[in-house]
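K.L.:
Right, I'll just put the structure down here and ask away after.
Every number in this text was worked out from the coordinates using simple rules, so none of it is lab data. The structure presented is a predicted model; accordingly, all values stated were derived computationally and were not measured. Reconstructed Cβ throughout: ideal geometry from the backbone, glycine too, with neighbour counts over all protein chains shown.
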Amino acid sequence: MKVRFWGVRGSLPVPGRLTNRYGGNTSCVEVRPRGDWPIIIDAGTGIRRLGKSMMESAFGDGRGTAHVLISHTHWDHIQGLPFFSPFYQQGNRVHVFARQRHDTHLQAVFASQTEDPYFPVPLSALRAEIEFHELVEGSQFEIGRAKVTCTRLNHPWIAMAYRIDVDGAAIVYCSDTAPFSDVLLEHEFIRTPPQVGGVLDPAVAEKLASMRAGLVAMCRGADLLIYDTQFTPEEYRARPHWGHSTPDDAIHVAREAGVKTLCLYHHAPTRTDEQQDVILHATQELCRTAGEPFEVIAAYEGLELALGDEEGA
Amino acid sequence: MRVRFWGVRGSIPAPGPETNRYGGNTSCVSVHTASGELIIIDMGTGLLSLGNSLLPTEFGKGAGKATILLSHAHWDHIQGLGFFAPVFIPGNQFVLWGHAKSSSLLEGILEGQMNPNFSPLYTLRNLGATVDVRAVIPGEPFEAAGVRITGRPNPHGSTTALAFRIDEGDRSFVYASDVGYAPGGPSPEVLELYRGASALLHDCTYTPEHQEKRRNRGFSSYEDAADAAARAGVGRLIMFHYDQDYADTDVDALHASCRAALDARGGQAIELTAAAEGLELEI
């Protein structure tokens, strides 16, 4: 399979010279099993260019099928959807997957993204056939030859991590999540930052431990682990309730799960290319010194990786 | 008054080296009045940088006050609010004027973007600063930031967007983004709003060819902008809200074509500026 990054930024798109190399578009990754339709993970602003490139293929004639896995519906993960060209071509089929809500059907959540007065084109006016699929933690399903599994993460309003197994390789997409140590993030707004390293209620600690164990199990042996590393340790200490991790947190999961490559992802909007270089090099150095068996890379727009049967092809 | 552009792009932010010069952030303009008050027009992604630039001022201490004018609530005009640092500092006070049948309806629209489905902020109530939301009555001038402001709706696809005129002494600045006129151009009331402005910032999303293909979206071509400027007899026309697919070189071409369109309409005396992120103009 091939994996290509179309948007690597968290929270807000950040155009400008300072982000030209890593890219300013928000979250979007394309996974393309060999000879098959694309599986898209998240629909931040990066999906706009991906959609345009897809229109050069069968999607341009309304003969394409795409699957979109949404980690969660925070704006930086869905903002690009109304600008996804294949939606506007009759005949295309798009399946959108996301976690089931406790109160609202997924289709209503996505419909409200583009209803009046927020956007001129309502969901009902799109010409492709769009089907919404609600997931619960642990859901397993197949997209063509690909096997997809998911587990929940520690993020406000809850995000999902996905694993895709196909062509003899496995990737895991794990964004957005806080580490599983200081606060449980679900449906409650947390006004005051909890103390990092403080003592947790035993029930909360158990739930977090179980969530983390689920993630580590899902990451087991993956060729590529794409992980939310938006924060530096200082930023995390100030905002542990915002639902993002540091490279250290990602290293621990990567080590325990025995992955082959760890990919830093969901870069902070304020991070310049130079600052991101520093974070990448420090993380690589740390892992080299510690003798970690995995490689560390950082996602940037346009990065394409070939995995499994595709390697060397 | 001093006008500065923080975001000049339409519809969706367009990051990448090809937009470095004009900028890829969505609509956001600041106006500093001669008496030192701050007016912010639209809250696209450009608001992030404007907010950070205000932190060394009284806004960093929770003692800032500003007026916000909202043309309409399409996402590219409101997305920056949750990333505007001064709005998280208790003590700062914002009065936001926009278009709705009532101020509570407008507040509800802004609440919609903070909905926990879309944002970790959950509600406007979680912003530390106060945001006092008020509905503009079309054509009825109001006093804010020590100046006189008038708003009038323009057609914008299936909806409308407010154009604003700010008058301070003998200087006037008009902001008219996101407008797709009916055949015949601006309504008499809107033309009156533009009339004789020192500077008219106008929607200039497309070339006429692109606009022809996408007219139902409710944006202007450079010809529409040149028409409006020439007919209203403004001092300067400012091009704004470029299509997300236009690279810097496309905007350069748009600029040259707009100059020719102005000249062809007897507007040789009208100065022409293509808005770019970071550009500042003394009106």
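K.L.:
What is the local net charge at residue B:220, summed over the other residues whose Cβ is closer than 12 Å to its Cβ (Lys, Arg +1; Asp, Glu -1)?
P.N.:
Details: positive: B:214, B:215, B:217; negative: B:178, B:203, B:223, B:224, B:227, B:243.
So the surrounding residues net to -3.
K.L.:
Do the alpha carbons of any pairs in B:65/B:101; A:147/A:260; A:52/B:213; B:101/B:213; A:52/A:260 sit beyond 21 Å of each other, and which pairs? Mind dumping the intermediate values first?
P.N.:
Working: B:65/B:101 25 Å; A:147/A:260 19 Å; A:52/B:213 17 Å; B:101/B:213 32 Å; A:52/A:260 32 Å.
Pairs exceeding the cut-off: B:65/B:101; B:101/B:213; A:52/A:260.
K.L.:
What is the mean projected area of the alpha carbon convex hull for region B:2-282, to one decimal in square nanometres? Don't jump to the answer; show the numbers that get you there.
P.N.:
Working: hull surface 55.1 nm².
Over every viewing direction, the Cα hull of region B:2-282 projects on average to 13.8 nm².
K.L.:
Excluding same-chain residues fewer than 8 positions from residue B:61, which lysines have a Cα within less than 17 Å of its Cα?
P.N.:
Reachable lysines: none.
K.L.:
Once you list every other residue whose beta carbon is under 14 Å from the beta carbon of residue A:101, what net charge do they have if Lys and Arg are +1 and Asp and Glu are -1?
P.N.:
Numbers: positive: A:99, A:152; negative: A:103, A:134, A:137, A:186.
For residues surrounding residue A:101, the net value is -2.
K.L.:
Going by Cα centres, region A:217-257 and region A:186-213 are how many Å apart?
P.N.:
If we compute the Cα centre of each part, the gap is 16 Å.
K.L.:
Give me a comma-separated list of calculated 3J(HN,Hα) values for region A:82-94, in order, Karplus coefficients 6.51, -1.76, 1.60 applied at θ = phi - 60°, integers in Hz, x for any Gly or Pro.
P.N.:
Listing the rounded values in order: x, 10, 8, 3, x, 5, 9, 10, 4, x, 5, 10, 10 Hz.
K.L.:
Need one value for B:13-25: mean number of C-beta atoms belonging to other chains within 10 Å of its residues' C-beta atoms. Provide the component values of the computation, followed by the final result.
P.N.:
Numbers: counts 10, 7, 16, 9, 6, 1, 4, 5, 1, 1, 3, 8, 6.
The mean count of partner-chain Cβ atoms within 10 Å per residue comes to 6.
K.L.:
In whole Hz, what ³J(HN,Hα) sequence does region A:259-264 give by Karplus (6.51, -1.76, 1.60; θ = phi - 60°), x for Gly and Pro?
P.N.:
Listing the rounded values in order: 7, 8, 9, 9, 10, 5 Hz.
K.L.:
While we're on this one: Other chains near A:115-126: what is the mean number of their Cβ atoms within 10 Å of each residue's Cβ? Intermediate values should be presented prior to the final figure.
P.N.:
Numbers: counts 1, 5, 14, 11, 6, 10, 4, 1, 0, 0, 0, 0.
Across the residues of A:115-126, the mean count of other-chain Cβ atoms within 10 Å is 4.
K.L.:
Please report, to two decimal places, log10 I(q)/I(0) for the protein assembly as shown at q = 0.13 Å⁻¹ as given by the Debye formula with identical point scatterers on the Cα atoms and no solvent.
P.N.:
Per q value, in the given order, log10 I(q)/I(0) is -1.36.
K.L.:
Sequence-distant or interchain residues sharing an amide H contact under 5 Å with residue B:144, placed H: which?
P.N.:
Distant-sequence amide H within range of residue B:144: B:149.
K.L.:
Rounding to the nearest 20 debye, state how big the charge dipole of region B:2-282 is about its Cα centre with +1 on each Lys and Arg Cβ and -1 on each Asp and Glu Cβ. Could the numbers behind the result be given before it?
P.N.:
Working: 22 positive and 32 negative charges, 93 e Å.
So the magnitude is around 440 debye.
K.L.:
Would you tell me the mean number of C-beta atoms belonging to other protein chains that fall within 10 Å of each C-beta in A:12-23, as a whole number? Can you show the working numbers first?
P.N.:
Numbers: counts 9, 10, 8, 17, 11, 4, 1, 3, 6, 1, 1, 3.
Mean partner shielding for this stretch: 6.
K.L.:
Which order do peptides A:169-176, A:297-304 fall in by mean Cβ count within 10 Å, highest first? Could you put the intermediate results ahead of the total?
P.N.:
Numbers: A:169-176: 26.4, A:297-304: 18.4.
Per-residue mean Cβ counts within 10 Å order the peptides as A:169-176, A:297-304.
K.L.:
Give me the distance between the Cα centres of region A:70-148 and region B:27-78, rounded to whole Å.
P.N.:
Each part's Cα centre sits 33 Å from the other's.
K.L.:
Still on this model: What is the helix-to-structure angle for B:103-114, meaning the angle in degrees between its Cα long axis and the longest Cα principal axis of chain B, kept from 0 to 90 and rounded to the nearest 10?
P.N.:
Here the helix axis deviates by roughly 80 degrees.
K.L.:
Shifting gears a bit: Determine the sum of side-chain charges near residue A:43: Lys and Arg each +1, Asp and Glu each -1, restricted to other residues whose C-beta is under 13 angstrom from that of residue A:43.
P.N.:
Values: positive: A:48, A:49; negative: A:30, A:42, A:76.
Net charge around residue A:43: -1.
K.L.:
What order do you get for A:6-16, B:266-276 when each peptide is scored by the mean count of other beta carbon atoms within 10 Å, highest first?
P.N.:
Numbers: A:6-16: 26.6, B:266-276: 17.4.
Per-residue mean Cβ counts within 10 Å order the peptides as A:6-16, B:266-276.
K.L.:
Another question, if that's okay. For residue B:161, which sequence-distant residues (separation of 5 or more, or a different chain) have an amide H within less than 5 Å of its own amide H, given hydrogens modelled in the peptide plane?
P.N.:
Correct list: B:154, B:156.
K.L.:
At a 10 angstrom cut-off on C-beta neighbours, averaged per residue, how do the peptides B:40-50, B:7-17, B:255-265 rank from highest to lowest? Provide the component values of the computation, followed by the final result.
P.N.:
Numbers: B:40-50: 27.6, B:7-17: 25.5, B:255-265: 17.2.
Result, highest mean first: B:40-50, B:7-17, B:255-265.
K.L.:
Now a separate question. Show that you can apply the helix-only estimate: for the protein assembly as shown, add -39,500 (n - 2.57) for every DSSP H stretch of four or more residues, divide by all residues, and state [θ] at 222 nm to the nearest 500. Display every interim value, and only then the final one.
P.N.:
Values: 13 runs with 133 residues, N = 596.
Calculated at 222 nm, the ellipticity per residue is -6500 deg cm²/dmol.
K.L.:
Quick one: Karplus J couplings for region A:177-184, per residue in order, coefficients 6.51, -1.76, 1.60, θ = phi - 60°, nearest Hz, x for Gly and Pro?
P.N.:
Taking θ as phi minus 60°, the curve returns 8, 7, x, 9, 10, 10, 7, 9 Hz for region A:177-184.
K.L.:
Give, in whole angstrom and from largest to smallest, the semi-axes √(5λ) of the equivalent ellipsoid of region A:162-313, with λ running over the eigenvalues of the Cα gyration tensor. All intermediate terms of the calculation are to be shown ahead of the outcome.
P.N.:
Details: eigenvalues 144, 72, 38 Å².
Ellipsoid semi-axes (Å, largest first): 27, 19, 14.
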